[in-house]
Amino acid sequence: MKPLVPILLATTLLPLSPPAWADLKVRLPYVEFGELEFEHNGLVTFGPKGSANDRAGSFTHSVGYGVTPWLKIELEAETATAPGRSATWNAVTLENTFQLTETGKYIFDAGLFLEYSRATGKGADSIAFGPILSREQQGPFGLATLHTLNVLVSREVGPNASRTSGLQFAWQSIARLHPLFAPGFEYYGRIDDVARAGTYNQQQHFVGPVITGTQSFSPYGKLKYQVGYLFGTTTATPKSAIRWKLEYEIHF
C-alpha cells in the first residue's frame, strides 16, 4: 500500500477551479524509477481571423525524474502567446504522478496526478488532481492497443482566486503498429464551472487524430513524439488546434 491516503484526503478537501488550456496532453499512470526525462509540449489554436483564438499558443517545458518506483516529480515552466504578441511566462508548476497499481496486474493500470501551479504574474495559483487510467489490449492479428483516460479537477488558490471548480477530460486510444508509428485518436473536454456547466455547446471539446512514436538510442535513452490535429466540436471551442509533444528519456 503506497502512502497516498493522506494526500487523497487533503486534496479532496481543497476547493477546485477551472484551468486554462496550458497544454493538451494525455498523462500515463506509469513511473520509471531512476528515469530522467525532458519534455516539451506545444499547442496552437485556430479560429476566425482576428479572433483571440486565431494562432494563440501555449508551450510548456519540463524536467522530471522517477524518484521512487511509484512517484515521478516534474518541474514545468508554462509560456503562452496571444495573436500578434510575444510570448509571456505564465507559471511554474510542480507535477506529481503516483503509480497506484502494478503494470498489467489488474484490468486497468491506475495512477493519481497532483499538481500545484505558481503564477508568475497577476494571475492566481492553482491546484489540480485526478485519476489516470490505462488499459493495454491485444486485438485481432496480435495488434496491441493502448487506451488512457485522465479526469482532472482543479481550483485556483490565493488572493486572486475564483470560487469556481473546473473539470477536464482527456482520452487517447492508439494502435501500436510500429514503435515509430502508432496512430490513434484523442479527445479533450473542459467544463469551466461544474456548478454551472451549461449546455454541451457552452463547453469546450476537441477531438481528432494523433500519431505517436518512440525511437530508441539504447543505451543512450529514447525519444518520444506525438502530433495531433484537433477539431472543436462546440461554438465555445476554437475551430481547430494542432498540438505536439517531444520527450527524451534516459535512465541513471
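Any read-out appearing in this document is the output of simple, stated calculations on the displayed coordinates, not a laboratory observation. Since this is a predicted model, take the numbers as computed values, not measurements. Ideal geometry is used to build each Cβ from the backbone, glycine not excepted, and the neighbour counts take in all protein chains shown.
For the reader, a short list of remarks on this structure follows.
- Restricting N90, N53 to those that are assigned to a strand (DSSP E or B), within 27 Å of L230 (Cα to Cα) and in contact (Cβ under 8 Å) with a residue 40 or more places away in the chain reduces the list to N90.
- Filter result for the condition that a residue is more than 25 Å from L133 (Cα to Cα) and under 18 Å from the mean Cα position of the chain (by Cα), over T237, T212, T199: T237
- Listed conditions (1) acidic (D, E); (2) surrounded by 13 or more Cβ atoms within 10 Å (Cβ to Cβ); (3) more than 24 Å from S165 (Cα to Cα) are all met by E95, apart from (3).
- Search result, residues across segment 186-218 that are touching a residue at least 60 places away in the same chain (Cβ under 8 Å) and under 22 Å from A144 (Cβ atoms): E186
- Restricting attention to segment 104-115, the residues that are in contact (Cβ under 8 Å) with a residue 12 or more places away in the chain and out of contact with any Ser or Thr (no Cβ under 9 Å at 6 or more places or on another chain) add up to 2.
- The residue that is nearest to F169 (Cα to Cα), counting only those in segment 227-240 that are in contact (Cβ under 8 Å) with a residue 40 or more places away in the chain and surrounded by 18 or more Cβ atoms within 10 Å (Cβ to Cβ), is L230.
- Among the criteria (1) within 20 Å of the chain's Cα centre (by Cα); (2) not in a loop (DSSP other than H, G, I, E, B), the one I250 does not fulfil is (1).
- Candidate set: segment 139-155, residues that are in contact with a Ser or Thr (Cβ under 7 Å, 6 or more places away or on another chain) and hydrophobic (A, V, I, L, M, F, W, C); chosen: the one surrounded by the fewest Cβ atoms within 10 Å (Cβ to Cβ): L146
- Looking only at segment 102-128, and only at residues there that are among the hydroxyl-bearing types (S, T, Y) and assigned to a strand (DSSP E or B), the one that is nearest to R163 (Cα to Cα): S126
- T164 being without any contact (Cβ under 8 Å) to a residue 60 or more places away in the chain, outside any strand (DSSP E or B) and buried (at least 17 other Cβ atoms within 10 Å of the Cβ): no
- Within segment 204-237, being within 23 Å of E35 (Cβ to Cβ) and of a type in the set (F, W, Y) holds for F217, Y220, Y225.
- Annotation note: Cβ proximity below 6 Å between a residue of segment 29-44 that is farther than 18 Å from D109 by Cβ and a residue that is in a strand (DSSP E or B) and among the aromatic types (F, W, Y) (sequence gap 6+ or interchain) occurs for L36/Y65; F38/Y248; G42/F59; G42/W244.
- Condition met for D125 (more than 20 Å from K25 (Cβ to Cβ) and acidic (D, E)): yes
- Any hit, segment 65-77, residues being closer than 30 Å to T235 by Cα and either aromatic (F, W, Y) or in contact with a helix residue (DSSP H, G or I) (Cβ under 6 Å, 6 or more places away or on another chain) (or both): no
- Among (1) among the polar types (S, T, N, Q); (2) under 26 Å from L167 (Cβ atoms); (3) surrounded by fewer than 21 Cβ atoms within 10 Å (Cβ to Cβ); (4) out of contact with any His (no Cβ under 9 Å at 6 or more places or on another chain) - the single one T45 does not satisfy: (3)
- Whichever residue in segment 170-226 is part of a loop (DSSP other than H, G, I, E, B) and of a type in the set (D, E) and, among such residues, is surrounded by the most Cβ atoms within 10 Å (Cβ to Cβ): D192
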